[in-house]
Amino acid sequence: MQNKERQLTPVEQKRKTDFEKTCEEMAQKGYLKRDLTVSVLQANIMAVIIMLPFAILALIMYLFANSSNNRNLSLSLSTYIVFLIVLLLLIVLHEAIHGLTWAFFAKRRWNAIAFGIIWKMLTPYCTCTEPLTKQQYIVGAAMPTLILGFGLAGIAASIGSYGLFALSEIMIFGGGGDFLIILKLLLYRCRNREVLYYDHPYECGVVAFEKK
């Protein structure tokens, strides 16, 4: 838990109880618990720092592919409304892709996936309630940004769509928290080879269960 505990919803409280039971079971099996979570505020700040180089690279790619495109950038009110609606849909899709990818690896499939929103920070999240390997967790964490960020940026560059490119840039920055967690996993040095990663049920990050 990061610094001051936030008030959990009833659903999150149940997941916390289940998580504590899982920690006890893993301890009985000889696993040590290592907390690799980050605060939502830290994740949001680091998201900009980590993803800025990727966003700049995407911008260079777009400008290079559309150097002769001189479209009028004036937009109507209806265009802004459509943009916001599509953005909200992409945010939901971002979390759904997390869930679909982790469900592919989880033993209980979709039953191991849960969604929620940290209302204080207006941050939606998806969590997997089963331990995963490092590779499985990283794939699930990175997939939304690969598809909705870099993928859309490539499509936007190929068709010269300013609106689609703007959405892709937002989604790239939106994946910063995920890439921060991926970075923590890659930098984590375990004492033993057998390690499982449990997506924290209500905080940003994971808990590593390392075999003694």
Handout entry: Met143, sole failed condition from (1) farther than 16 Å from Gly99 by Cα; (2) in contact (Cβ under 8 Å) with a residue 24 or more places away in the chain; (3) of a type in the set (A, V, I, L, M, F, W, C)
Key = (1)
Handout entry: Selection count, the range 114-170, where residues are out of contact with any Phe, Trp or Tyr (no Cβ under 8 Å at 6 or more places or on another chain), under 17 Å from Ala47 (Cβ atoms), at pLDDT 90 or above and open to solvent by 40 Å² or more (accessible area, probe 1.4 Å)
Key = 3
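Within the range 193-212, how many residues turn out to be of a type outside the set (Ser, Thr, Tyr), part of a strand (DSSP E or B) and under 17 Å from the mean Cα position of the chain (by Cα)? Steps first, answer last, please.
Of the residues in the range 193-212, the ones of a type outside the set (Ser, Thr, Tyr) are 193-196, 199-201, 203-212.
If we keep only those that are part of a strand (DSSP E or B) as well, we get 195-196, 199, 204-211.
Next, from what is left, pick out any that are under 17 Å from the mean Cα position of the chain (by Cα): 199, 204-207.
Of the residues in the range 193-212, 5 are of a type outside the set (Ser, Thr, Tyr), part of a strand (DSSP E or B) and under 17 Å from the mean Cα position of the chain (by Cα).
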Problem - Breaking point among (1) without any contact (Cβ under 8 Å) to a residue 60 or more places away in the chain; (2) assigned to a helix (DSSP H, G or I); (3) not β-branched (Val, Ile, Thr), for Phe115 - result: (2)
Handout entry: Top-ranked residue of the range 3-43 - restricted to ones that are in contact with a Cys (Cβ under 9 Å, 6 or more places away or on another chain) and under 30 Å from Phe165 (Cβ atoms), ranked as most open to solvent (accessible area, probe 1.4 Å)
Key = Gln42
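The values are calculated or read from the model by the stated rules, or taken from the named source; none is laboratory data. Just so it is clear, the model here is predicted, and its values are computed rather than measured. Don't worry about glycine lacking a Cβ; one is built from the backbone with ideal geometry, like all the others, and counts go over all protein chains shown. Note: accessible area is taken over every heavy atom of the protein model, side chains too, but ligands, DNA and RNA are not part of it. Shrake-Rupley method; radii C 1.70, N 1.55, O 1.52, S 1.80 Å.
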